[in-house]
Amino acid sequence: SFEVELARTGVIVPVGADETILSAVRAAGADVPSSCEMGFCGTCETKVLSGTVDHRDDLLTPAERATGNTMMVCVSRASCARLILDL
Ligand code: FES
């Protein structure tokens, strides 16, 4: 598991192995739109301010993945202890 920090409020959200970032941050009050929730539509794309993303979507290009500043929170996860998202 890992944590997500919501940059706009400073809230720290633990994300367990059995839940998505999308569901965890929504439960913590963040308003994130979604549609497919399978990593291919881009609706849930969220700006990453800090941390390393484990990209699991089918949408971002290798170059976009390499920049590390955006992610699909419905499927992708962290490969670090804490991600800071622009939420
Ligand atoms: Fe479609 Fe996340 S909701 S990519």
Got a number for residues in segment 69-80 being within 15 Å of the ligand (Cβ to nearest atom), part of a loop (DSSP other than H, G, I, E, B) and of a type outside the set (A, V, I, L, M)?
2
Let me spell it out: the conditions are (1) surrounded by 12 or more Cβ atoms within 10 Å (Cβ to Cβ); (2) more than 10 Å from the chain's Cα centre (by Cα), and ALA78 meets all of them except one. Which number is the exception?
(2)
When segment 20-41 is examined, which residues are found to be of a type outside the set (Val, Ile, Thr) and in contact with a Ser or Thr (Cβ under 9 Å, 6 or more places away or on another chain)?
LEU22, ARG26, ALA28, GLY29, ALA30, PRO33, SER34, SER35, CYS36, GLU37, GLY39, CYS41
Could you check ALA66 against (1) of a type in the set (A, V, I, L, M); (2) free of Cβ contacts under 8 Å to residues at least 60 places away in the same chain; (3) assigned to a strand (DSSP E or B) and say which number it fails?
(3)
Scanning segment 1-33 for residues that are within 16 Å of the ligand (Cβ to nearest atom) and of a type in the set (Asp, Glu), the one nearest to CYS74 (Cα to Cα) turns out to be GLU19
Is there any pair linking a residue in segment 34-53 that is more than 6 Å from the ligand (Cβ to nearest atom) to one that is among the basic types (Lys, Arg), with Cβ under 7 Å and at least six apart or on different chains, and which?
GLY51/ARG82
Note on LEU83: of the conditions (1) part of a helix (DSSP H, G or I); (2) touching a strand residue (DSSP E or B) at 6+ places or on another chain (Cβ under 6 Å); (3) surrounded by 21 or more Cβ atoms within 10 Å (Cβ to Cβ), unmet is (1)
Which of the residues spanning segment 9-22 are of a type outside the set (D, E, K, R) and surrounded by fewer than 16 Cβ atoms within 10 Å (Cβ to Cβ)?
THR9, GLY10, VAL11, ILE12, PRO14, GLY16, ALA17
Touching a residue at least 40 places away in the same chain (Cβ under 8 Å), crowded, with 19+ Cβ neighbours inside 10 Å and either within 15 Å of the ligand (Cβ to nearest atom) or outside any strand (DSSP E or B) (or both): is that true of LEU60 in this structure?
no
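Where a number appears in this text, it was derived from the coordinates with a stated rule and is not lab data. Remember, it's a predicted structure, so these values are computed and weren't measured experimentally. Glycine also receives a Cβ, built like all others from the backbone with ideal geometry; neighbour counts cover every protein chain displayed.
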